[in-house]
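Single-structure report; data block below.
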């Protein structure tokens with residue numbers, strides 16, 4: 001059934017994909033224009049709108065962002081401001097999905113990681129997301145909140161400052177060499193389309209107050225990504241490990257347990273690593 005979905009961060013990487021997918025399924029998407037630090041502006045913008053669902057994606061998502069205080073101003077205070085505006089303006093809400101991050105788990109021995117794993121953030125990005133979760137919960141008595149912890153994902157349109165788009169760009173332009181950090185860290189590199197499918201399914205089926213990992217349970221090393229890109233393009237690139245690119249407190253392995261998500265949403269569309277990389281290569285435009 002179609003709904004009116006308020007979407008924050010609609011111009012961002014995930015937001016663009018989610019907006020397109022939601023509209024293709026008949027939903028009306030209202031892209032929030034107001035700044036998250038302008039409560040009155042958000043309240044004015046939402047006045048008269050009958051919003052049934054919310055997906056909150058806006059925030060700072062790059063772990064290496066230079067301004068550490070901005071993580072808290074945007075990810076924590078901005079989210080609280082949004083919830084204040086929603087609480088005062090919206091009476092028809094059935095679900096408010098807030099995108100947190102699997103980075104809140106930090107380094108842990110458990111693998112795959114379930115939602116029961118105690119968070120242990122090791123950087124300001126992850127700490128701001130965990131603080132955001134706790135502050136959001138203070139609104140759980142008045143808003144139907146769902147918290148999601150997506151594991152790493154990528155796809156066409158992701159900023160080139162992120163690792164996978166950087167690699168895709170280098171292979172698309174057949175650049176002969178690249179400097180990278182630790183090639184042996186393991187991450188899920190899920191497809192943004194899977195994540196958007198999960199978010200839309202959770203809007204309908206998610207239980208308010210619950211936390212859901214958005215993941216596949218399938219991790220890859222960076223070396224595996226490089227090998228897949230070599231096979232897809234026929235281009236072989238010299239890779240040099242630059243120690244300055246290896247972050248302190250690096251999370252070595254992030255692999256999620258999707259059982260709770262699957263029990264809630266049922267099966268979601270799946271994309272192989274090569275499916276995702278192929279879509280990114282097709283969208284790449286060499287200079």
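The table below gives the values:
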quantity	calculated
Extended-chain gain in nm, criterion 0.36 nm per residue less alpha-carbon gap, residue 24 and residue 238	72.9 nm
Cα-based helix-to-principal-axis angle, 273-283 vs the chain, degrees rounded to 10	90
Most mobile listed residue (164, 113, 178) in the chain, GNM with C-alpha springs under 10 Å	178
Anisotropy class of the stretch 152-192 from Cα gyration tensor, a/c 1.5 cut	oblate
Of all DSSP beta bridges in the stretch 115-231, antiparallel share, percent nearest 5	35
Footprinting exposure proxy for 196, 108 (fewest neighbouring C-beta atoms within 10 Å first)	108, 196
Convex hull projection area averaged over all views, the stretch 199-287, Cα basis, nm²	8.8
Cα gyration tensor shape for the stretch 39-111, rounded if a/c is under 1.5, else prolate or oblate	oblate
Extension gain (nm, one decimal) between residue 69 and residue 87, 0.36 nm per residue minus Cα-Cα	3.9 nm
Cα gyration tensor shape of the stretch 1-46, rounded if a/c is under 1.5, else prolate or oblate by comparing a/b with b/c	oblate
Rg ratio (alpha-carbon, reference 2.2 N^0.38 Å) - the stretch 1-85	1.13
Fluctuation leader among 247, 149, 28 - the chain, Gaussian network, Cα springs under 10 angstrom	247
Over 13 Å [Cα-Cα, the stretch 235-281], rounded percent	78
Net length gained if the chain between residue 31 and residue 231 were fully extended (0.36 nm per residue, minus Cα distance)	68.1 nm
Square roots of 5 times each gyration tensor eigenvalue, C-alpha, the stretch 32-174, largest first, Å	29, 20, 15
At q = 0.19 Å⁻¹, base-10 log of I(q)/I(0) for the stretch 97-189 (Debye sum, equal scatterers on each alpha carbon)	-1.02
Euclidean distance between Cα centres, the stretch 11-50 to the stretch 76-96, Å	12
In degrees, nearest ten, helix 192-205 long axis to first principal axis of the chain (Cα)	30
Beta bridges by DSSP in the chain, antiparallel share as percent, to the nearest 5	10
Using alpha-carbon coordinates, inclination of helix 222-233 to the longest axis of the chain, degrees	70
Rounded D (µm²/s) - the stretch 76-118, Kirkwood Rh over Cα pairs, Stokes-Einstein at 4 °C, 1.567 mPa s	99
Residue exposure sequence - 137, 187 - by fewest surrounding Cβ within 10 Å	137, 187
Spread of Cα-to-Cα distances over 5 Å intervals beginning at zero, given as percent, for the stretch 134-245	2, 10, 17, 18, 16, 11, 9, 7, 6, 3, 1, 0
For the chain, fraction of C-alpha pairs farther apart than 26 Å, in %	44
GNM result for the chain, Cα springs below 10 Å: residue of 125, 139, 92 fluctuating most strongly	92
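Throughout, read-outs are computed from the coordinates displayed, never taken from laboratory work. As the structure is a computational prediction, the values presented were derived from the model and not from experiment. Cβ sites come from the backbone with ideal geometry, for glycine too, and all protein chains shown count toward neighbours.
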